[in-house]
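S.K.: So that we are looking at the same thing, I have put the structure below in structure tokens.
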Amino acid sequence: MYDYHLHSNFSFDCQEDLNELCQQAIRIGLTGICFTDHCDFETPSGKNSIFNIAEYQKTIHALQKKYSGQLDIRIGIEVGMQKQNLQKTRDFLHQGSFDFVIASCHYIDGKTIFKETFCQGKSQIDAFRQYFMRIFEMVREFTDFQVLGHLDVIRRDKTFLEQPFHYADYGDIIDAIFRTIIVRGQGIEINTAAPRYGLTGFHPHLDILKRYRELGGEVITCGSDAHSINNIGSGIPEAYQMLKELGFQTISIFQSGKEKRIPL
Ligand SMILES: [Zn+2]
Ligand SMILES: [Zn+2]
């Protein structure tokens, strides 16, 4: 099994050492991992969250050597798409060579999506539609990624945590997102962190995942989004099982942006 969404101390919100993360991955029997540290150009705290690419690559290259034959380690990144910073994000990506890029959306117009500030004062439908619409607008012009991260992360927001999610309320926009990325060979991730934020199941919601498959989506990665060593690999076996039950046959892994499909 592969965990394709992991943070280390190259992320502003994580203290974990990369070597220890690799050891833990081996201990729990993962076949491969992909580090996906954060790149967000503006955060509500006023600081950007980017890292030194050369240092990052050097550190991971050394680990690839050290654990060769034991653990398949990839160099990834999780970019937070921000409408006003898409060119900066492209430029940052072009400074390095990444195996895998997750495109997520953490902030809109300086407001955090999943910590009340974005949703404040909006109805659930308005907040969620605005969020999905912003992602649609961005994926039309930003193409430098392999999968969309935690597509419905807005469901984590405590404001609407108890409310049911109805695909039909957002289906027109989510369909448009999928139609845009599927033809480009891009996919989505199953983000297994959702239960850690009080949700049942994973990101995205089962109805979103089913629709992705209906529209011909086949590119899928699974990631724990671990920010702590104890969460590596958590939920991955369950996610694989769920994908099989939904009729998906493969999981995708990446090297230099090139996809390889592994039977589930
Ligand atoms: Zn994220
Ligand atoms: Zn993440």
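S.K.: Which residues, counting only those in region 157-187, are among the small types (Gly, Ala, Ser) and either surrounded by 13 or more Cβ atoms within 10 Å (Cβ to Cβ) or farther than 19 Å from residue 128 by Cα (or both)?
M.R.: Once the filter is applied, which keeps residues that are among the small types (Gly, Ala, Ser) and either surrounded by 13 or more Cβ atoms within 10 Å (Cβ to Cβ) or farther than 19 Å from residue 128 by Cα (or both), region 157-187 yields 171, 176, 185, 187.
Quick grid of which residues meet (1) in contact with a Lys or Arg (Cβ under 7 Å, 6 or more places away or on another chain); (2) acidic (Asp, Glu); (3) under 21 Å from residue 262 (Cβ atoms):
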{"position": "29", "(1), (2), (3)": "no, no, yes"}
{"position": "40", "(1), (2), (3)": "no, yes, no"}
{"position": "51", "(1), (2), (3)": "no, no, no"}
{"position": "58", "(1), (2), (3)": "no, no, no"}
{"position": "69", "(1), (2), (3)": "no, no, yes"}
{"position": "81", "(1), (2), (3)": "no, no, no"}
{"position": "84", "(1), (2), (3)": "no, no, no"}
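S.K.: Please work out which residue is nearest to ligand 2 (Cβ to nearest atom), limiting yourself to region 18-40 and to residues that are under 30 Å from residue 105 (Cβ atoms) and part of a helix (DSSP H, G or I).
M.R.: 21
S.K.: Oh, and also: Of all residues in region 188-217, count the ones that are within 16 Å of ligand 1 (Cβ to nearest atom) and crowded, with 18+ Cβ neighbours inside 10 Å.
M.R.: Total satisfying the criteria: 10.
S.K.: Just give me the residues in region 98-147 being surrounded by 15 or more Cβ atoms within 10 Å (Cβ to Cβ), outside any helix (DSSP H, G or I) and small (Gly, Ala, Ser), in sequence order.
M.R.: Residues satisfying the conditions are 103, 104.
S.K.: Let me ask something else. Among the residues of region 2-22, write down those that are over 11 Å from residue 226 (Cβ atoms), crowded, with 18+ Cβ neighbours inside 10 Å and not hydroxyl-bearing (Ser, Thr, Tyr).
M.R.: Passing the criteria: 10, 18, 22.
S.K.: Being in a helix (DSSP H, G or I) and either free of Cβ contacts under 8 Å to residues at least 24 places away in the same chain or on the phi > 0 side of the Ramachandran plot (or both) is the filter here, so list the residues in region 168-197 that pass it.
M.R.: Of everything in region 168-197, those that are in a helix (DSSP H, G or I) and either free of Cβ contacts under 8 Å to residues at least 24 places away in the same chain or on the phi > 0 side of the Ramachandran plot (or both) turn out to be 168, 172.
S.K.: Which ones in region 210-224 are farther than 18 Å from residue 139 by Cα, in contact with a Leu (Cβ under 9 Å, 6 or more places away or on another chain) and without any contact (Cβ under 8 Å) to a residue 60 or more places away in the chain?
M.R.: Listed by number, the residues that qualify are 210, 213.
Taken together, the values in this text are just the output of simple stated rules run on the coordinates, not laboratory data. Owing to the predicted nature of the structure, the values given are computational and were not obtained by experimental measurement. Methodologically, a virtual Cβ is constructed for each residue, glycine included, from the backbone with ideal geometry; neighbour enumeration extends over all protein chains shown.
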